[in-house]
Amino acid sequence: MSESSEKPEDQVERPVTADSSAPAKQDGRVTKGQLARDVAIYSIARLLLVVVIGAIILGVAALVGVAVPLLVAAIFAVLIALPLSLLLFAKLRRRVNEGIAAFDAQRRADQADLRARLRGEGTSR
């Protein structure tokens with residue numbers, strides 16, 4: 001049973017160590033701070049996109065002379081920003097996904113190492 005649990009971890013760790021596209025990673029490890037920073041940047045970028053689209057909707061409505069409620073403009077801004085952010089912020093999204101995958105792989109490797117030490121086996125570090 002331990003052999004089957006070790007194989008998926010090895011498969012998960014290979015892409016993480018081979019990934020050199022994220023410059024913030026040091027020796028292949030991702031910290032909680034780096035991951036939180038990437039998630040915060042991506043979230044702020046998406047929120048700013050919603051605000052900009054909402055302002056454009058309200059601005060165009062004012063130019064045309066139509067009264068658009070703020071809530072309606074916000075709902076349309078969110079609906080437009082959802083697919084648009086996937087295209088505009090693809091690089092940020094990939095960086096967040098890679099960071100999450102790397103952090104998860106690290107956590108699994110640390111768990112496996114701890115379980116091995118608790119069983120009395122030699123450590124790999």
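The values are calculated or read from the model by the stated rules, or taken from the named source; none is laboratory data. Everything numeric here is computed off the predicted structure, so don't read it as measured data. All Cβ positions, even for glycine, are placed from backbone atoms using ideal geometry, and neighbour counts span all protein chains on display. Side chains included, ligands, DNA and RNA excluded: accessible areas come from the protein's heavy atoms. Shrake-Rupley method; radii C 1.70, N 1.55, O 1.52, S 1.80 Å.
Ordering of 65-75, 95-105 by packing is 95-105, 65-75, highest average first (other Cβ atoms within 10 Å, averaged per residue). What FRET efficiency do you get for VAL51 and ASP113 if R0 is 30 Å and r is their Cβ-Cβ distance, rounded to the nearest 0.05? That gives a FRET efficiency of 0.10. Treating r as the C-beta distance of THR31 and ILE80 and R0 as 30 Å, the FRET efficiency rounds to 0.30. Ligands, DNA and RNA left out, the accessible area of segment 62-110 computed with a 1.4 Å probe is 74% carbon and sulfur.
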